[in-house]
Amino acid sequence: MNVRRQELEQKIEEMEAALAKLKQQLNLAVEEEQHESIDHLDEHLEEMDHKWENIREFWPIVVKEFRERFGKK
Amino acid sequence: MSKETVLTASPTHVSDSHVAELTQGPTWFKWIQIAGLVYLLLVAVSLIGGGFKLAAGDHAKELFAFASNPVAGLVVGTVATALIQSSSTVTSIIVGLVAGGLPVSIAIPMVMGANIGTTITNTIVSLGHVRRGDEFRRAFSAATIHDFFNIMCVLLFLPLEIMFGILQKLGGWASTHLVGAESMSMKGLNFIKPVVKPPVELIKSSMANFSVEVSGIVMIVLGILAIFVVITFIGKLLKSIMVGRSKQILHSAVGRGPVSGIASGTIVTVLVQSSSTTTSLVVPLAGSGVFSLRQVYPFTLGANIGTCITALLAATAITGPNAVFALQIALVHLFYNLLGVIVIYSVPFLRELPIKGAEKLAEVAVGNKLVALGYIAGMFFLVPFVLIGISNLLSG
């Protein structure tokens, strides 16, 4: 086996190990973010109590879009 | 169920201040209130059963002849749940009606429809993200994945039920074993009857001056109102008590895969007694991008299983010859949701369909909000009635 090939294989192994480590770090960061989000569960539950306000907010957007698509130009 | 829902939909006008008063105070007091409300739920279900028996007599089947078409039953369940926004309320009412003589075969499509109807709540919650494009896309898909899954369940199981009555047989077999075919009284749950019977008898005797039919109808109406109010208040109380425990469960499910997600969705739904609360909870979690659609999907499925607890609880209120049928429909609800999760989620091709459907719909809805509006109006109200028309035409 020539030196060049050995060097390349060695580099690939190192990069793969580094990539696996990065993926693991990313997973941990994502999970940390998820735990933080779960800590705000109370606020998300409150959001449910305002669902009719969501419709009030949604309605003018729909009306505007309707006018844009079907209104006289 | 939100405060707004209570205000707009409850005929008894449960006000914001009532809800606030009830959800304040020490935890032990809230538990006492919950125990009282559960008792009221049992009385209410019993009231509906007794009332329906009085009003319909031996004609319960004829009274619900319009729903003997399975599509009509499905639509009744869907639209009623979408309007009330609580599948627990609708399934508890169905348990009461079955106790009063409604045939289980007619009730099964209604229960399936309740699963579809309940998904309107989280779709409405997702509209809160409408001004932020990407966030709306993620939130809307997290909400509608539940719709697609429930529609698939109906498409798979309703034809099988019509042809072979699988769920009815399964529920019948299990309920006979649990209740006992001879005495028809719940094994080990006989204490329910003496506790529930006095208020039902009191209401019945207080209407001695009215005809049997009128008394029955009044009892049904009272029962439905009571179930509505009870489930609203229980939901509020449990939400305030169980938020900490729900957090713990969700924390423990992070990074553990789909089975853990299904289990945590089930447990959280049992704790808050509301599948729409659980499925609405995932909307902001997915909308922010912190959880992916694939991660919230199993949690949503768990909500379908957890919500069956209310109908099972309601069935314990029923004693006498129809107890076995009341338990049968509650068990059908459980088996239907369990089988749905097992069959659809364990087959990779089927598992992917709700994800693909929800992603595609959300993509289109972001570009055209009219599609989102059309989807809600069509899915929960227009299409159901068109289906009834078509099925009536086909059945001649």
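The values are calculated or read from the model by the stated rules, or taken from the named source; none is laboratory data. Just so it is clear, the structure is predicted and the values come from calculations on it, not from any experiment. Ideal geometry is used to build each Cβ from the backbone, glycine not excepted, and the neighbour counts take in all protein chains shown.
Remarks
- Within region A:32-69, the set of residues being more than 18 Å from B:Phe291 (Cβ to Cβ) and more than 8 Å from chain B (Cβ to nearest Cβ) comprises A:Glu46, A:Arg56, A:Trp59, A:Pro60, A:Val63, A:Lys64, A:Arg67, A:Glu68.
- Scanning region B:357-387 for residues that are loosely packed, with under 13 Cβ neighbours inside 10 Å and closer than 21 Å to B:Glu135 by Cβ yields one hit, B:Gly367.
- Scanning region B:322-333 for residues that are loosely packed, with under 14 Cβ neighbours inside 10 Å and within 26 Å of B:Ser88 (Cα to Cα) turns up nothing.
- Counting only helices (runs of 4 or more DSSP H) that sit completely within region B:31-123, those holding 2 or more residues that are more than 17 Å from the chain's Cα centre (by Cα) correspond to B:60-63, B:70-84.
- Breaking point among (1) in contact with a Leu (Cβ under 7 Å, 6 or more places away or on another chain); (2) more than 23 Å from B:Ala303 (Cα to Cα); (3) among the hydrophobic types (A, V, I, L, M, F, W, C), for B:Ile108: (2)
- Flag if A:Glu9 is more than 8 Å from every other protein chain (Cβ to nearest Cβ) and within 26 Å of B:Lys236 (Cβ to Cβ): no
- Look at region B:317-340: where a residue is closer than 12 Å to B:Phe157 by Cβ and a partner is in a loop (DSSP other than H, G, I, E, B), sitting 6+ places away or on another chain with Cβ atoms under 8 Å, you get B:Asn337/B:Thr307.
This table checks each residue for (1) at pLDDT 90 or above; (2) closer than 16 Å to B:Phe335 by Cβ.
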residue: B:Thr121; (1), (2): no, no
residue: B:Gly133; (1), (2): no, no
residue: B:Ala139; (1), (2): yes, no
residue: B:Asn150; (1), (2): yes, yes
residue: B:Cys153; (1), (2): yes, yes
residue: B:Leu167; (1), (2): yes, yes
residue: B:Ser183; (1), (2): no, no
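- Some residue of region B:105-122 being away from chain A (no Cβ under 14 Å), over 19 Å from B:Thr307 (Cα atoms) and either surrounded by fewer than 22 Cβ atoms within 10 Å (Cβ to Cβ) or without any contact (Cβ under 8 Å) to a residue 60 or more places away in the chain (or both): yes
- For region B:287-299, taking the residues that are more than 10 Å from chain A (Cβ to nearest Cβ) and not basic (Lys, Arg), the one that is nearest to B:Ser246 (Cα to Cα) is identified as B:Phe299.
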